[in-house]
Amino acid sequence: MSHTATRRPGARGLESSASRFRERALARRRRPWVRGLAALVVLALVAGAGWLVGWTGVLGVHDVEVVGVSGSEAAAVRELVEVAPGTPLVRVDTAAVETEVRTRVTVAEVSVRRSWPRTLVVDVVPRVPSIVVKNPQGRLEVVDATGVSFGTVAKAPKGVPVVTATGSRSMTPEALQAALALLRDLPSDLSDDVRSVTVSSADLVTFTLRGKTVVWGGEDEAELKIRVLRALLTTKAKTVDVSAPDTPVTR
């Protein structure tokens, strides 16, 4: 008579549960190692990327692009960018580059930015002539709206007023600002008839208007000066002095 061993269902369930418990225990023991290994891999990748970006020429400066000006002016600006080719783009001191470019007198504003992967972009706002000043030596200097002289020309650009500077104090920034303020403050019905402007100092700007010599003075009290000037233009006087508009003088 043969006997076939039978395993009770309860025993199989216990063995299956014990196996699952062992697997879970092993997984729990492996989990810190897996996490640690993953963290090390991530750190290695980050360190490698940092080294690649910050310490190699892979993402280094290859081109310097100057925007806002062209030709010889762009070339002159580019020469001021003292960044060695291959310098990691991320390590370029953009503020230092901006400071260096601002030393060029023709530059009004500048900003420097990175253009990935390998270009340094220099955005330039050039100075624009507001007046041309004939200095005491007879040269024509171009002056922008802030009173900065930034070059000389052989002939005044079309549409740019010419101001004659006379005397030792005529070319100071304050004197040039006074001349600029006059041309800015005069309404068009008067400024259209202005034939010549002379600046001697910050407190002495004169011009000719409708056959009269007008002593304007400095840039203060412009509105009052204009009202007084309008009234005195109707007189037969050859010279109208509104430098002190409360006590104008005619001759």
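Quick notes
- Where strands (runs of 3 or more DSSP E) sit wholly within the range 61-147, none has at least 1 residues that are open to solvent by less than 40 Å² (accessible area, probe 1.4 Å), in contact (Cβ under 8 Å) with a residue 24 or more places away in the chain and on the phi > 0 side of the Ramachandran plot.
- Residue within the range 190-208 that is more than 18 Å from Val160 (Cβ to Cβ), among the aromatic types (Phe, Trp, Tyr) and open to solvent by less than 50 Å² (accessible area, probe 1.4 Å) present: no
- Restricting attention to the range 162-182, the residues that are open to solvent by 50 Å² or more (accessible area, probe 1.4 Å) and touching a helix residue (DSSP H, G or I) at 6+ places or on another chain (Cβ under 7 Å) add up to 1.
- Residue list for the range 209-226, restricted to those being outside any strand (DSSP E or B), under 19 Å from Thr166 (Cα atoms) and open to solvent by 20 Å² or more (accessible area, probe 1.4 Å): Glu219
- Scanning the range 227-249 for residues that are of a type in the set (A, V, I, L, M, F, W, C) and open to solvent by less than 20 Å² (accessible area, probe 1.4 Å) gives Leu229, Ala237, Val240, Val242.
The values are calculated or read from the model by the stated rules, or taken from the named source; none is laboratory data. Because the structure is a prediction, the values reported are computed rather than measured. Here Cβ is always computed from backbone atoms with ideal geometry, including for glycine, and neighbour counts include all displayed protein chains. Areas reflect the complete protein model, heavy atoms only, side chains present, ligands, DNA and RNA absent. Shrake-Rupley method; radii C 1.70, N 1.55, O 1.52, S 1.80 Å.
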